[in-house]
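K.L.:
First the structure, then my questions, so here it is.
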Amino acid sequence: MRTEEGKTQITLNFLPEPTASSRSLSGSVKIFFKKIRSQKLGHTCEYPILTAIEVNEQGDITYVTRIEEVKKRVANAQKIILCVHGIIGDSESMVRSVLKNYDLVLTFDYEGVYTSIKENARWLKQRLESVDLGACHGKELYIVAHSIGGLISRWFIEREGGNQIIKHLVMLGTPNAGSPWSWVQEITLSVARLLNEQVGEIAPPAKIVTKFLALAAEVLAKHMVEKLQKKNAVVFYDSNSDYSKSLKDEFKKALVQQRGQVLKEVKFSETNINGDNINQLIPLNTEVLVLFPSSKTLDGAIEVIKANGKKLPILGGDDMYTKKILNDGKENADGLTIAVPWHILSKPSSEFSITSRELWKGADVNWRTAMSYDATLALSEALRRNPTRQGVAEALRSSNFTVDGASGSIKFESGDRSQKYPQLVKIVANKESRSGLGYDFVPTEPLIFESSKGFVNLRQNPNTRPNQQVVKIPNNTTVTILNFKIGETEGCKKGWYKVQLQSQEGWMCSDYRQPKDE
């Protein structure tokens with residue numbers, strides 16, 4: 001109502017009961033990851049979405065998303081309200097409060113982490129115009145917006161001609177005077193750069209990087225001396241990359257502790273590497289080649305791989321975990337071993353592994369995506385506990401802080417994540433490769449499959465027909481997982497795994513599996 005001073009006064013007669021929702025920031029994170037995935041794979045992202053709300057007699061809400069159906073409902077309505085959610089939620093909790101008072105309820109669900117307020121405002125205008133709610137549409141259209149949704153609506157009204165479309169805007173908790181939460185977006189956008197594999201452009205805390213480099217270097221050095229039984233290495237590195245130089249230095253220290261030595265250091269940028277001169281670059285008593293390229297010097301690493309021709313074993317850093325190495329290295333890269341923080345075949349039946357393969361249409365996500373996902377979940381949980389800078393720091397330092405992420409339980413000690421040793425993965429030839437290139441990265445540590453029957457059947461194909469049986473594998477036999485299929489075949493609850501047993505490959509279904517080191 002209007003006051004005597006000409007101002008608008010809103011009276012709240014009641015407040016709805018508080019509702020619990022599993023969406024919050026983690027919901028926005030999922031939308032964010034869907035958008036990044038779509039961009040990486042060249043697909044069209046479904047967000048933002050303009051939907052019409054439908055309610056049955058039991059009060060269950062259904063979202064109508066087909067644009068032609070939404071347009072029909074708009075045509076048959078006169079008094080319409082549009083709900084625009086905030087950055088850490090969706091519109092489901094908003095619509096129940098307005099269902100009875102309007103001919104039609106619309107919602108605008110958007111991705112607010114990776115997309116700017118201005119861009120979302122323009123999308124809002126486009127979506128409304130697509131259902132005949134452009135300028136001077138002749139209906140009563142109202143917006144109720146929460147948090148950052150109010151800023152999107154304001155930009156739409158003030159900068160995109162929305163004043164010719166909207167009759168009234170009601171804002172709930174909108175930070176019109178600014179917000180300290182912009183730093184959350186900055187952190188998450190750093191995650192976006194990780195997803196785009198621009199790792200060299202990110203500057204994470206030096207303490208965390210140093211800790212990981214030391215662990216990765218130790219794992220590689222131990223593998224070289226204990227597993228390969230080699231002691232003399234030549235290291236290739238990028239002298240223009242601090243990350244590459246630091247990994248090289250940590251590896252040298254770790255190898256000395258293992259009673260090995262780096263015979264020579266070679267810079268990618270200063271060396272023309274090919275099959276003719278590689279023997280001149282490395283001493284005669286070299287036993288292992290170690291490659292620590294940055295993303296900008298991968299071509300140099302590939303030249304070393306080709307020139308080596310599988311004569312010497314090769315170890316490498318995490319920047320080599322790319323399809324480019326698989327595609328360009330091919331048979332020369334077979335057996336290449338690198339240290340990474342996570343691999344999808346470590347726990348293929350975990351919720352993250354299954355869900356990510358559904359979102360990525362059967363493709364593997366790499367360790368960068370998994371670690372970025374974990375970091376965002378940890379931030380989300382810390383914000384939920386105390387949404388301030390100091391509160392987030394205190395939450396992460398808390399001894400009872402834990403979140404279940406892609407790589408397992410996320411905990412922190414004195415502010416740093418309790419980190420397991422990096423995992424070694426190697427390149428193997430695979431006719432049914434997950435990469436589609438004939439080669440895959442697989443964990444170097446074999447797994448032990450066990451069954452209550454005392455054996456597991458190895459079959460030619462992932463099915464339960466007896467005539468497909470190849471051999472019975474006794475319990476406690478170690479195998480290497482090459483591929484997996486979860487929930488795709490009846491008769492196998494846990495999933496089918498393509499494995500390699502010595503020189504033999506086949507598919508098995510196992511109700512229980514156990515890492516060799518547990």
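K.L.:
What's the center-to-center distance, using Cα atoms, between the range 421-444 and the range 133-155 in Å?
P.N.:
With the range 421-444 and the range 133-155 each reduced to a Cα centre, they are spaced 50 Å.
K.L.:
Order the peptides 400-408, 354-362 from the highest to the lowest mean number of other Cβ atoms within 10 Å of their residues.
P.N.:
400-408, 354-362
K.L.:
Still on this structure, please answer the following. Solvent-accessible area per residue for the range 255-379 at a 1.4 Å probe radius, Å²?
P.N.:
Per-residue value: 43 Å².
K.L.:
On to the next question. If you stretched the chain out fully between residue 429 and residue 277, how much longer would it get, using 0.36 nm times the residue separation minus the C-alpha to C-alpha distance?
P.N.:
Contour length minus Cα-Cα distance gives 51.9 nm.
K.L.:
Once label points are set 7 Å from the Cα along Cα→Cβ at both residue 455 and residue 472, what is their separation, rounded to one decimal in nm?
P.N.:
The modelled label-to-label distance comes out at 0.3 nm.
K.L.:
At 1.4 Å probe size, put 371, 508 in order of accessible surface, largest to smallest.
P.N.:
Solvent-accessible surface, decreasing: 371, 508.
K.L.:
Give me the accessible area of residue 54, 1.4 Å probe, in Å² rounded to the nearest 10.
P.N.:
Estimated to the nearest 10 Å², residue 54 gives 80 Å².
K.L.:
Further question on the same structure: Quick one: how many Å² of residue 218 are accessible to a 1.4 Å probe, rounded to 10?
P.N.:
Ignoring ligands and nucleic acids, residue 218 comes out at about 50 Å².
K.L.:
By how many nm would the segment from residue 159 to residue 63 grow when fully extended, if each residue of separation counts as 0.36 nm and the alpha-carbon distance is taken off?
P.N.:
Values: separation 96, 0.36 × 96 = 34.56 nm, distance 2.89 nm.
Contour length minus the Cα-Cα distance gives 31.7 nm.
K.L.:
Tell me the carbon and sulfur percent of the accessible area for the range 218-297, rounded to whole percent, probe radius 1.4 Å.
P.N.:
Roughly 40 percent of what the probe reaches on the range 218-297 is carbon or sulfur.
K.L.:
Can you give the extra length, in nm with one decimal, that the chain gains between residue 324 and residue 445 once fully stretched, where that is 0.36 nm per residue apart less the Cα-Cα distance?
P.N.:
41.2 nm
K.L.:
Accessible area of residue 471, 1.4 Å probe, to the nearest 10 Å²?
P.N.:
50
The values are calculated or read from the model by the stated rules, or taken from the named source; none is laboratory data. The shown structure was predicted, so the numbers you read here are calculated from the model rather than taken from an experiment. Positions of Cβ are backbone-derived with ideal geometry, glycine not excepted, and every protein chain shown enters the neighbour counts. In case anyone asks, the SASA skips ligands and DNA or RNA and just uses the protein heavy atoms, side chains included. Shrake-Rupley method; radii C 1.70, N 1.55, O 1.52, S 1.80 Å.
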